[in-house]
Amino acid sequence: MDWSPIWISAKTACTAILFTFFLGIAAARWAVSIRSEKVKAILDGILTMPMVLPPTVAGFFLLLIFGKKRPFGILLGNLGIQVVFNWCATVIAAVAISFPLMYRSARGAFEQVDENLIYAGRTLGMSERRIFWHVLMPEALPGVLSGGILAFARGLGEFGATAMIAGNIAGKTRTLPLAVYSAVAGGNMTDAAIYVVILVIFSFAIIVMMNIFANRRRSRRGRR
């Protein structure tokens, strides 16, 4: 049995969440700070679109950006960087698909923070950066962490966009979802079942962690 999909999936999901987590927080903070509702609605639509698009469509757009014959792909090629059908393509696909979940969770958490706490920080002369790290983030942390866990799970289970831009190369870009598909297509139901069990265990653990953070969030609200 080929165990490389487990390592590739774990490495991809862990690397992707590093980008998704901080990019999602930054985008959510930016969206919350926008005063114009029209601009906020347009920005929200753009940032959320990968979540509602079929993953293969998202993968097609990624190919248009990073393809070897596209301007950006040619530029990367001149720099000696190959994205398409390489391991880094699995990370890009995971980030693109999981980012909206992180963004919307972080934005929802920020919007639920009591604005009086922010006003109090400004009254005390705190800078906006200090308010963000010492007031906003601690209050929104359970929701932000829940979004991070959900985004990690989405990146771990990404299939369509990964297949489009990274391919299904054994030992290189074959993640667990692709391994399940390949095993079933090859009639190897035993290996497919093992891969599925691993994914189910990961998913169950992630759901438990999300419930823990949700309970902490409710407990914090109940103490106010």
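For the chain, the C-alpha radius of gyration divided by 2.2 N^0.38 Å, with N the number of residues, is 1.16. May I ask which residue of A120, I207, L156 lies farthest towards the positive end of the charge dipole of the chain, with charges of +1 (Lys, Arg) and -1 (Asp, Glu) on Cβ and the Cα centre as origin? Most positive-ward Cα: A120. Computed about its Cα centre, the charge dipole of region 1-90 is approximately 280 debye, with only Lys, Arg, Asp and Glu carrying charge at their Cβ. Taking the chain as a Gaussian network of alpha-carbon nodes connected by springs under 10 Å, the highest mean-square fluctuation of the residues G77, G160, G67 belongs to G77.
Among complete DSSP H helices in the chain, those whose alpha-carbon atoms stretch at least 24 Å along the helix's long axis and whose mean Kyte-Doolittle hydropathy reaches 0.5 are 4-33, 87-111, 137-156, 189-222.
Going by a ≥ b ≥ c, the root eigenvalues of the Cα gyration tensor, does region 82-176 fall in the rounded group (a/c under 1.5), the prolate group (a/b larger than b/c) or the oblate group? It comes out prolate by the Cα gyration axes.
Using a cutoff of 8 angstrom between alpha carbon atoms and counting only pairs six or more residues apart, the relative contact order for the chain works out to 30 percent.
This model, with +1 at the C-beta of Lys and Arg and -1 at the C-beta of Asp and Glu, gives region 46-152 a dipole about its Cα centre of some 520 debye. Need one word for region 38-107: rounded, prolate or oblate. Basis is the Cα gyration tensor (sqrt eigenvalues a ≥ b ≥ c); a/c below 1.5 gives rounded, then a/b vs b/c decides. It comes out prolate by the Cα gyration axes. Placing +1 on the Cβ of every Lys and Arg and -1 on the Cβ of every Asp and Glu, with nothing else charged, gives region 4-222 a dipole about its Cα centre of roughly 300 debye. Only lysines eight or more places from K172 in sequence, or on another chain, were considered; those with a Cα closer than 24 Å are K11, K68, K69.
Of the residues A58, A41, A170, the one that moves most in a GNM of the chain with alpha-carbon contacts below 10 Å is A41. Along the axis of the charge dipole computed for the chain (Cβ charges of +1 for Lys and Arg, -1 for Asp and Glu, origin at the Cα centre), the listed residues S98, G77, A185 are led at the positive end by S98. When V91, V180 are sorted by how many other C-beta atoms sit within 10 angstrom of their C-beta, beginning with the fewest, the order is V180, V91.
Roughly speaking, what is the centre-to-centre gap between region 49-88 and region 139-190 when only Cα atoms are used, to the nearest Å? Their Cα centres are 17 Å away from one another.
Comparing R70, R107, R35 in a Gaussian network model of the chain (Cα springs below 10 Å), the most mobile by mean-square fluctuation is R35.
Every number here is computed from the coordinates shown, using simple stated rules; none is lab data. Note that the coordinates shown come from a computational prediction; the quantities given were computed from them, not determined experimentally. Ideal geometry is used to build each Cβ from the backbone, glycine not excepted, and the neighbour counts take in all protein chains shown.
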